Structures are given as C-alpha cells and as structure tokens.
Amino acid sequence: MEIRLSKISKFYHSGGQTIKALDNVNLTIPANRIFTLLGPSGCGKTTLLRCIVGLESPDEGEIEIGGEIVWSKTQNIFVPTEKRGLGMVFQTYAIWPHMNVFNNVAYPLQTRKTPRNIIRSQVKKALHFVQLEGFEDRPATKLSGGQQQRVALARALVAEPKVILFDEPLSNLDAKLREETRKELRTFLTELQITAIYVTHDRIEALALSDLVAVMNKGRIIETGTPRDIYFHAAHRFVADFIGRTNLIEATVISQTEDATTVECALGTVRCHRHPGLKTGDPVTLCLRPEFIRLQGGNAADTLNVFSGQIESLVFIGEAFEGEISINDTRLFIKTEPDSNLKVGDLVHFTVDPDYCLLVTA
Amino acid sequence: MTGKRSVLTPSLIAVVGFLTVCPVAMLIFGSFSTGLGAFGTFTLEKYIQAYTDPELTGIIANTIIFVIGSSIVATSLALLLAYLNTRTDIPFKFLFRIISIIPMMIPHILFSVSWVLLLNPSNGLINLFLRQVLGFENAAVNIYSLPGMILVEGLLDLPIAYLILAPAMASFDVSLEESSRVCGGTTTGTLLHVTLPVLRPAILAAFILSLVRSLASFAVPSIIGMPGRIYVLATHIYQSIATGFAADFGKAAAIGMSVLATSITLIYLYRYLTSEGEKYVTISSRGFHPTIIKLRRSKYPLFGIVSILSLVLIVLPVLVLFYTSLVPYSMIPSARAFSMMSWKHWLEVVNDPISLLSLKNSLFLGVVGATLGVTLSVFVAYAIVKIRSHASGLLETLSFLSFSFPGIVIGVGFMWFFVRTPLYATIWALLIGYIATYLPYGVRPLASAFVQVHSHLEESSRVCGAGPFTTMRRIVIPLLIPGIVSGWILMASMFVRELSLSVVLSRPGTEVLAVQIFHFAEDGLWGQLSALGIIMILISTSLVVMATLVGMKFKPVEERK
C-alpha cells in the first residue's frame, strides 16, 4: 500500500517556546518497498512514524494509507490506531510480560475475532517464519533480547498487514546480534513483499536494509533516494556528512564543461564529474570520502587530480588503516589497505577519481 | 481518550482535595471557633487558652525529647541492620526482611501494651522476676518514663527507617568505595569518609520520616506515657477532647494546628531530600555486586544483636500477650501459673457485645475501606504517572499531603466537619477519615505498578487492533494486579489496626478493635485485652501472609525488564 503524507506539521510547546517537531513534511512512500527514515536523534523521525500509525496526531496536514485518508485536519478525519490495520515493532519490543509467546503473537487475531483454529495455524506460520517454532508456551519473560525481537516481528506480521512499521528495532541488541538480525530482517521483508517503514539513526542499518532512504533533520525531510544515490549523489552538505565519513572542503567553481565541473580549493584545482546547474564563481563544498582517496607511494602517475601531502597520523583498526594527510594547512581523513607499509611522516601522492568528487551547495 | 482524560484529573482533584483539604480547613476554622456548636464566629479565645496553659511548656519539652530520641534510636538501629544485611556476610539474612515487615503484623498499641506487661513498675513480668526470684527488693525498671517511651517508639519506627535505608544501601555504587580503597583508605575510613556521607540524604530522610511518625504516634504516649503522667502533644490533644466534663474541640484544634504545621513542614523536607537523594545515590545499570565485607570474629556477636532484636520485636510481644490472656492475673511463669491457666478471658471477650461489635466494624472497615481506597488509588496513580500535566502535579501534591497527617489531629479536623453532617457517629465517618489519612499507602504501590507498564505495551496493543477498553482489560489491568493487591493488603492491615484517628471519631456503636483495646488498657483489663489483641494480630498476619503469597504468584511480572 502506498502512503502519502502532505503538509504534515506538528508543534510542541515548552517553556513558552514552540518547537517544530515536524515542519511541513511531504512524502510519498511507495508500495512494497522498504523505506527508511534516517536522521539524528530529535529530528522528528519517530514522531512522523507515530503520526502514521496514529499514536500521535499532527497539527496540520493529511495522511493517506492505501488511498484511504486516516488523518486530515481540514476534513476533520481521525481513524484511531486500532482501525488502521498496521503492524509495528517497537524499540522496546513491547512484549507483554504476563502472556506467553502464543498469546502475544495471537493477540492481533484475537482482537479481530478470528476463529480459533485459524488463529492457531496463523500463529504457527508466523512463528515458523521468524524461526521460533515450538516456543508457543514459553513465558514472555523467559526470552532473550533477540527472541523478544522475533516475537515482536511475528506479532506485527501475524494479521498480514499491508504496512509494517519499525521504530529502531535493533537498537537494544548488542553489536553482533544487531548485524545478524539486520540481515535476517532484510531477507524476511524482501520475501514478504510488504510496505515497510523503518526508523533509525544508524546509517549502516539504513543503507543495508532499505530500498529507499529519507534523511531527516530538524523536522524536515532533507533528501530522499536509494542508498547509492544518497551515498554518492547527495545534494546537501548535511546528507553527505550524515550518511558517511567525509572530508568537506570549501571550494569555488572555476569552469563548467560538458563532461566536468572544475573547482579551486585548498588542495588546488580539482576536476569533478559534471554537476549541472553550477556556474563559474559559485561557492560549493567538495565532499571527498576517505575510501576514495587512493594513496600511491613513490612517484605520481600522470593522471588527473593528483595531489601530495604528508601523513600526519595512522591508526591500524584491523580491516584497514585510518589516518590523516596534511596538504598545506588542510587535513584529510584517509583510509587505506591493512597491509600498507606507510609510516607517519611519509610524503605521499594521492588521486581522487572525478566520479567520486561530489559537490554540494546547500 | 483526550476527552475522558480532561475530566478525570479535575474530578480526582475534587475528590482527593476534599479528603485532604477538608479536614485541614475544618481544623483551621475550628481553632478559631468557641466550640463544636458555635461554628463560624471568629475568636482567638482558644489559641489564647491553649498557648497560655502553664503546662504546655513541659509538654512541648517532652514532645521534643520523645520525638528526637526515638528517631535517633530508630535511625541508628536501622542503619546498622541495613549495613549488616546489604554489605556484610552476616548469617541468616532472611531475619532482616522479617524485621522490616513486623509493624504490619503487630499493631503499635499491642506492642506498647506488651512492654507495659513486661516492665510496669508494680506487676510487670520482668520486674516481678527481679523482685521475687532474684530478690532485688525495690528494683523496678519503670517503663512509664521518657526513656521507656523513646525505646518502644524507636523500635516501632525502626522498620520504616530500614525500608528507606536498605534500598539506598543496596543501590550504592560500589566503585565510589573501591576508588577510596585504591587511594589507600581503610575499611573504616572508607565507611566514615565515603559511604556514610554519600548516603547522608537517605539517612536524613529516614530520620525525618521517623520524626513525623513519632510526632503522630498515639499508641506509645497513651499506653506508656499517660499512666506515668508524661504528656506529649498527641496525648494533650486527646486529653482536651476525651476527659473532663466538656470535650473542648476548639482547644484541641488550636494545639493541633502547630502539630500539623510541623508535620507538613517535615514531610515536604522529606520529599525534597528524597528527590535530591536520587541525584546523589547513583544506581549503576550494569549488573553489580556490592563488595561483601567479611566480618570474621565479630560475625557472631553482631548476629547475636540482630537475633535479640528480632526476639524483642516479634516473639516477645506475642508471647507476653498470649501468656497474659491465659493467666488470671499478673504472675511470673511458674508451675502455679500454668496450673491456673484457663480460657476465661477469651470467653469473656467472645461474649462481650462491644468487643464483637468492634471486631465486626474493624473487619468491615478493613475490607470495604481498602477496596474503596484502592479503587481511588488506581485512578489517582494513573493520573499522576500517565497523564503528567500541571493538574496531575497538583493531584500528586494533594495526595502526598495526607502522608503528613497525624491521625489524632486530622481526626479533630474531621470531627468539626462530620458533626454538621448526617455522617456523624456512623461507620462511614471512620471510613472516609481512614481513606483520607492512608491514601498514600494505596497510591504508592499503584504508582510504581503504573511506572512498570511502559507506554509501548499499551500502544502496541492499539496497533494490534485493540480499542482502549480491550487494552485496559487485557494489558493494563493484568499488569497492575500485583500493585492493586499489595495496595489493598497494605490499606486493609492499616485500617484493621487504626487507633489515633479512631479514638477521636469512634462513638458508641462505631467502636473499632484498637479503640476497644485502648479502653481495656485504661480499665486495666489486661487479660481480655490480650485475648482480643491476639485475635487482632491473627487478622493482620493473615492479611500479610495473603500479600506474600499473591506477590509470589505474580513475581515473574515484577522481574521483567
């Protein structure tokens, strides 16, 4: 089901001040995709999710789920949460401690007055799907964090909702389990062909799980796109910086040709892939991700965008070396192979492929 | 939902406001009136009369010595017990938990009576033993004295101080102590320079709560103080309404005003300290085990102290009462005493219409009162924990106010109110008074139960398609049951043994157990008193046992994270 949000705003009042939790949000979430709302804490992503599910009401705007208006300020429509027919996994999982696994999972069917034999088979199916067969009689308090998370997922799926919502469901798991669960979740959701809305502040989770990512900040949606789009072709400085480690360098456009945009910055002249819409003299920010700064010890190959600098620091982190290079007064984060034999103080040449030279204006 | 909520809080404020503000307001009006009959004409006569009384200086001095003395006894004993229990390898730790729930089983009046039976100068059992067996001619340890009152009240307030200190002690962040050790501090030095200073807010809170309790105490001053002609403010108030030709409720109100003002000040100081204390005593979230200090040689002597305390607190009072209920008059246990034992006093009590009426009234008040009280508490706790507006803040303050109410003073305030309503001299007057005075005992366990019900648990039920009513029935209520049960039992056992409010409000026809026991004590009918007392203890004990059983049944719910 497609979800459409138009002109959603929500305000909080605290200490005489009005805080815009959501500021005129317009968003269309396509059917049967995994859609992630990504942003720093306090950016409004959870508030937006809670407005969709109906646990909070916006102050302005309209929400449409699968063609049906569930909230509208102007038409005075409010469909309560329980009538919206959605599934949701909470950050705390919200597994009811006084029930066993079966009753927890069966609850959405019981509230819909489903016949008993169907409940039984549906719960069995849902538990099988999350790989918890045979856990029916286990008390909810006797489950590990990962198992609680699966029960929460089974409960959200059991009534076969058209939309399922996730509010930072992995944040309470430890690092290793989080990685495994993330992969499983991706498999589950791809298999289900369901519209999933996923809220997180973890960029790796967002990139790994989603078909589409919307980056939010201060109650607004800054940019929406596929994970690769957002990573490589962000249009906003905030997005480029939030989605991954990056070097941000102030620059000025010096020429604009058919296949390239060239800028002048503290590194010197840098040739970038063509950014349409920029004019000579425009102030821009050059974003260079550490992983695309290619170090070449020894002599400089005769190619584009060759610079040289001195290694200021180098830290071995197992899968790579991370460090800093100084060029004039500018420092760049770099990342290089773990088998590199570079040392602090070495003079190095490095290149950056114009394809990975991103220019952002806002 | 929002519509219902907006009505809920104001109506609760109205109910709780009536229960708590009404007696205080009536007390104030009453103190400016000449008498129960002449209400509304402003006069300062009663204040002048009450505060120019030459006896008052002595009474205030007694009160200060009694209140501070017993609080010091209670707090220091509680500190010792809490430290030994949470931080040392002392054996038989379950004894400590028993000590902490004792006051719920043995009503204060009976505890006081049992000490009178042991230590009164003319025929207390210990004194008889000293004279008749050991031959000390004039030896008499006189319980009817200020030190006697302080000791008994201190023992009675010990559990409440323990209940504040033990959790603070247990949640103490050990790394504070460990870093003192690493810096070279000794065990004793660490205790004095780190542990106790960090726990200071909790210790002060326990001390202040003991002050409030002993200021409001009526059982000890009336049973132990009055026979020795040692009066404190509580008994002074009682005297002006219960003795002489005309009960003077105006004078009682005028004196009560200063007791109430002191008590309210103290209880808000307590609240301030406990909220400060949360900042102070850090609870680390990771699983931690406080370092257990090995007591080595002092292990058994210290255990001896604890055993004697538990003996004194639990076994002795019950034994003395049971013994007294069987022998015809006070005599030390001997072959002759055992041969003269009979059920005579028990039969007298069972055939005494007033004792039976008091039993019936107390049971009614316990069961019906606790049920109504808990019902009100559910809504109040819901509004305080879940709604969180300015209005619910006011509600919290109002319901907390009655925590400071000294029973006898608030009884005088209610008297001024009830006397002008048809409720006067009915059991309902007592019921309303009880709920007003003991409301925090219901609200507290329920508020913590509501805190446990994370809002996500309700919200996920809504997402699963359940409406507000189904959510209440299937999710919220089942999770609240442990809180409801413990609140009910707490209130019921308080109501069954209520004395200080009842001595004011109870009239012929509405006698209750504690008042009947009080009258037996005034008449010196110790045998009948003991028999009725044992019945009372049995009722309270079975309520506490019920609480423990129900609590165990619901334990998985409480252990949830």
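Please report the equivalent ellipsoid semi-axes of segment B:140-196, computed as sqrt(5 x eigenvalue) of the Cα gyration tensor, largest first, in whole Å.
37, 15, 6
Within segment A:58-133, which GluC sites (Glu not before Pro) sit in a loop by DSSP and count at most 11 neighbouring Cβ atoms inside 10 Å?
Here the sparse-neighbourhood loop sites are A:Glu133.
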For segment B:214-269 and segment A:254-327, distance of Cα centres in Å: 86
Reach of A:Lys343 by Cα under 24 Å, taken over lysines that are not fewer than 8 positions away in the same chain: A:Lys335
Segment A:1-59 and segment B:507-550: distance between their alpha carbon centers, rounded to Å: 62
1.4 Å probe accessible area per residue over the protein assembly as shown, in Å²: 44
Most to least accessible of A:Arg50, B:Arg200, A:Arg274, B:Arg213 (protein chains only, probe 1.4 Å): B:Arg200, A:Arg274, B:Arg213, A:Arg50
Length added when fully stretched, B:Ala261-B:His193, from 0.36 nm per residue minus Cα-Cα: 20.9 nm
DSSP beta bridges in chain A [antiparallel fraction, %, rounded to 5]: 80
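Looking at segment A:139-216 from every direction and averaging, what is the projected area of its Cα convex hull in nm²?
Convex hull of Cα atoms, orientation-averaged projection: 5.5 nm².
What is the magnitude of the charge dipole of segment B:66-222 about its Cα centre, with +1 placed on the Cβ of each Lys and Arg, -1 on the Cβ of each Asp and Glu, and no other charges, expressed in debye to the nearest 20?
Values: 7 positive and 7 negative charges, 21 e Å.
So the dipole magnitude of segment B:66-222 works out to roughly 100 debye.
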Estimated dipole of the protein assembly as shown in Debye, rounded to 20 [Cβ of Lys and Arg +1, of Asp and Glu -1, Cα centre]: 2240
0 to 90° range, to nearest 10: angle between helix A:116-129 axis and chain A longest Cα axis: 20
Distance from segment B:415-450 to segment A:188-234 (C-alpha centre basis), Å: 57
For chain B, diffusion coefficient by Stokes-Einstein and Kirkwood Rh (Cα), 25 °C, 0.890 mPa s, µm²/s: 97
10 Å Cβ neighbours from other chains, averaged over peptide A:89-96: 6
Cα lying deepest toward the dipole's positive end in the protein assembly as shown, options B:Gly393, B:Ser11, B:Val194, charges on Cβ: B:Ser11
Mean Cβ neighbour count within 10 Å, used as a protection proxy, ranking A:313-321, B:71-79 highest first: B:71-79, A:313-321
Order by protection proxy (mean Cβ within 10 Å, highest first), peptides B:150-159, A:13-22: B:150-159, A:13-22
Three principal axis lengths of the protein assembly as shown [C-alpha, angstrom, descending]: 118, 69, 63
Sequence of B:Ser175, B:Ser493 from largest to smallest accessible area, 1.4 Å probe: B:Ser175, B:Ser493
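Mind grabbing the interface size between B and A? I mean buried accessible area, both sides, 1.4 Å probe, in Å² to the nearest hundred.
2000
Working with all protein chains in place, sort A:Leu304, B:Leu146 by solvent-accessible area computed with a 1.4 Å probe, largest first.
In descending accessible area the options line up as A:Leu304, B:Leu146.
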Extreme residue, positive dipole direction of chain B, given options B:Val545, B:Ile481, B:Gly35 (C-beta unit charges): B:Ile481
Average other protein chain Cβ within 10 Å of Cβ, residues A:47-54: 1
Other protein chain Cβ atoms within 10 Å, averaged over every residue that makes up B:466-473: 3
Solvent-accessible area, 1.4 Å probe, carbon plus sulfur percent, for the protein assembly as shown: 61
Nearest-ten-degree value, helix A:145-157 long axis tilted from longest Cα axis of chain A: 70
Using alpha-carbon coordinates, inclination of helix A:175-192 to the longest axis of chain A, degrees: 70
Cβ charges +1 (Lys, Arg) and -1 (Asp, Glu), total dipole of chain A, debye: 1720
Listed peptides A:87-100, B:119-132, B:215-228 by packing density, highest first (mean Cβ within 10 Å): B:215-228, A:87-100, B:119-132
Cα-Cα over 31 Å, subset of A:Lys142/A:Lys218; A:Lys113/A:Lys142; A:Lys20/B:Lys386; A:Lys10/B:Lys386: A:Lys142/A:Lys218
Antiparallel bridges, percent of DSSP beta bridges restricted to the protein assembly as shown (to nearest 5): 80
Nearest-10 value in Å² for the accessible area of B:Met341, using the 1.4 Å probe: 60
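The values are calculated or read from the model by the stated rules, or taken from the named source; none is laboratory data. Keep in mind it's a predicted model, so treat the numbers as computed, not measured. Cβ atoms come from the backbone with ideal geometry, glycine included; neighbour counts cover every protein chain shown. Remember, those area values only see protein heavy atoms, side chains included, never the ligands or the DNA or RNA. Shrake-Rupley method; radii C 1.70, N 1.55, O 1.52, S 1.80 Å.
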